[in-house]
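The structure appears right after this line, and notes come after that.
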Amino acid sequence: MDDITVLFAVLGAYIAVILVIAIVVYVLSSLAHMKALKALGYDKAWMAWIPFAQQYALADAAADNQESVHLFGSVSVPAVLYKFWWVLWIVLPFVPVIGSLASTVVLVVFLGNCYVKIYARLDGTTEQEQQVIGYLSGFLSIIAIVKFLAGKYNTK
């Protein structure tokens, strides 16, 4: 066999493995978030299967029909803006120099806050008790996926 043929075969196998892993992670993430949204009684749990709509649904469920949402217990954000935090997350990487870092901070703060509120409601605890795991989940979503899939939540 030719060296180029071997290179393309290895590259093709690598891409196939990455694609399979991406599909598995997407399916598990969607299933986990849909399970959590159903357990919260959220009527549009199917949104967990649509990229970015999943973030909206999590924020909408976390806001729980309130006018404003509290971050870190004291900072208040209007619920309408809170539900669309992910737009800022998408746009910020285009800002030169600090955009990527700012985008990561927005992700951890807002998605983490969604998880804090959702964990507290699902586990029957206070938000203060869920702060660390919630914000870590905002940075490493695999934590939320495992927590939601392993949790014994009643779907409403």
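The values are calculated or read from the model by the stated rules, or taken from the named source; none is laboratory data. From a predicted model like this one, the values you see are computed outputs, not experimental measurements. Heads up, the Cβs are rebuilt from the backbone with ideal geometry, glycines too, and the neighbour counts pull from every protein chain shown.
Consider H33 against the criteria (1) without any contact (Cβ under 8 Å) to a residue 12 or more places away in the chain; (2) surrounded by 12 or more Cβ atoms within 10 Å (Cβ to Cβ): it satisfies all of them except one. Which criterion is unmet?
For H33, the failing item is (1).
Taking only segment 111-156 into account, find how many residues are closer than 15 Å to G41 by Cα and either free of Cβ contacts under 8 Å to residues at least 60 places away in the same chain or of a type in the set (S, T, N, Q) (or both).
Within segment 111-156, residues that are closer than 15 Å to G41 by Cα and either free of Cβ contacts under 8 Å to residues at least 60 places away in the same chain or of a type in the set (S, T, N, Q) (or both) number 8.
Taking the conditions exactly as written (part of a helix (DSSP H, G or I), at pLDDT below 90 and farther than 27 Å from Q130 by Cα), does I4 satisfy them or not?
yes
Hey, any hits in segment 89-100 for a residue that's farther than 19 Å from M47 by Cα, among the β-branched types (V, I, T) and part of a helix (DSSP H, G or I)?
Checked against the condition, which is being farther than 19 Å from M47 by Cα, among the β-branched types (V, I, T) and part of a helix (DSSP H, G or I), segment 89-100 yields at least one hit.
Identify all residues within segment 7-58 that are of a type in the set (F, W, Y), over 20 Å from W89 (Cβ atoms) and part of a helix (DSSP H, G or I); write none if there are none.
Result: F8, Y14, W46.
Could you tell me whether L122 is part of a helix (DSSP H, G or I), hydrophobic (A, V, I, L, M, F, W, C), under 14 Å from L58 (Cβ atoms) and more than 12 Å from the chain's Cα centre (by Cα)?
yes
Just give me the residues in segment 58-77 being modelled with pLDDT of 90 or more and not charged (D, E, K, R), in sequence order.
Of everything in segment 58-77, those that are modelled with pLDDT of 90 or more and not charged (D, E, K, R) turn out to be L58, A59, A61, A62, A63.
Given the options Y42, Y56, name the one that is of a type in the set (S, T, Y), surrounded by 13 or more Cβ atoms within 10 Å (Cβ to Cβ) and touching an Asp or Glu at 6+ places or on another chain (Cβ under 9 Å).
Y42
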